[in-house]
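The structure under discussion appears below in the form of structure tokens.
Computed from the coordinates by the stated procedures, all read-outs in this text should not be read as laboratory data. This structure is a prediction, so every number in the text was calculated from the model and none was measured. Note that each Cβ is placed from the backbone with ideal geometry, even for glycine, and that neighbours are counted across all protein chains shown.
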Amino acid sequence: MNKIKRILLTIFASFLTLCLALVLFFFLAPTVTLITYNVLANKENNVSINQDTLNMLNYTVINDISYSDINSFDIYEPLDENKLRPTIILVYSTNFIFGNKSDLINFAPFYANQGFNVIATDFTRGVSKSGVAIKELHELSNYVINNSQELKIDLNNIFILGIDTGATISSQFVGSLYADNYLEIVENKSDLTIKGVMLFYGREELKPFNEVRQITDLLQERTYWHYYNKRKWQKSDSYLLNYNLENFPETYITESTNYQYFKEGAALSEKLFNETIYTPYLTNSKDLPYNYYFYLDNTESIGNDARNNFDLSVTFLKKLIN
């Protein structure tokens with residue numbers, strides 16, 4: 001009997017040790033967050049648009065143009081005469097982990113229909129740290145500069161639109177162009193001129209914990225810790241809000257909910273405003289769903305909010321075009 005008790009106690013102690021190790025690993029190693037998100041997070045933009053709606057839009061698309069050995073982009077073009085066009089570089093990522101250019105097939109055409117080229121780009125996601133995607137956006141920018149005539153791109157009117165955590169990546173990329181001493185480690189920087197910036201921040205869905213603020217905050221905290229490679233990531237050398245942004249381009253910012261990334265969009269908007277950068281900021285008084293701005297043909301209230309945001313963003317863009 002004593003032998004059985006010792007065996008059971010050994011098994012129980014081993015189980016407790018394993019549980020403690022897992023808990024410590026979760027709190028001490030942010031990479032575990034990637035595994036957690038892989039189980040809990042919404043991994044793709046699954047908002048569907050009625051095909052009849054898309055068929056009414058005047059656009060065409062060229063897929064899978066390679067701008068590096070490992071990355072490519074799709075370009076959505078308006079159906080108009082053969083001329084250089086203002087162009088939006090579209091950067092989409094969820095949780096810095098998921099998302100790709102194929103998730104934008106129901107979104108990019110709406111801007112192409114307004115006369116813009118839209119470059120929906122792929123870049124490294126997942127286990128990459130802050131700076132990898134930025135370097136790749138510089139590679140993309142150099143490709144755009146070198147092939148602007150072929151792609152019918154007006155280099156005097158280039159905009160960038162970042163969606164979800166793509167907004168963070170986009171703001172960092174623009175910061176590497178316009179903020180003094182920011183991300184100096186980036187090699188072969190592009191000299192692309194960004195005429196305006198649009199940042200659509202969004203809250204990821206963490207089923208079944210969407211309504212548990214403490215859990216979503218915990219997971220977001222560790223995601224940022226992993227991305228910036230620093231536990232106190234707000235003190236990271238690559239945290240944009242620590243820099244002088246007085247030369248930052250005019251910026252349009254929206255957030256989907258108050259849960260979003262420690263109100264990063266609101267914080268950036270306030271900083272830009274204080275440094276006299278014009279930032280039309282769409283304040284949402286109600287709790288809008290994850291990436292509400294994709295619901296452009298929805299007939300319910302969320303569709304009205306999406307179309308309102310879209311119309312405001314187009315007005316912002318057209319105001320800045322030369």
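Some observations on this one:
- Segment Gln234-Val61, length gained on full extension (0.36 nm per residue, minus Cα span): 58.4 nm
- For Leu79, Leu192, the sequence from fewest to most other C-beta atoms within 10 Å is Leu79, Leu192.
- Rounded to the nearest 20, the size of the Cβ-charge dipole of the range 126-180 about its Cα centre is 100 debye, with Lys and Arg at +1 and Asp and Glu at -1.
- As a proxy for reagent exposure, ranking Val144, Val47, Val197, Val91 by other Cβ atoms within 10 Å from fewest up yields Val47, Val144, Val197, Val91.
- Ordering Leu183, Leu296 by the number of other Cβ atoms within 10 Å of each residue's own Cβ, fewest first, gives Leu296, Leu183.
- Filter on Lys189/Lys319; Lys83/Lys319; Lys101/Lys195; Lys101/Lys319; Lys195/Lys235; Lys135/Lys318 - keep pairs with C-alpha separation over 25 Å: Lys189/Lys319; Lys101/Lys319; Lys195/Lys235; Lys135/Lys318
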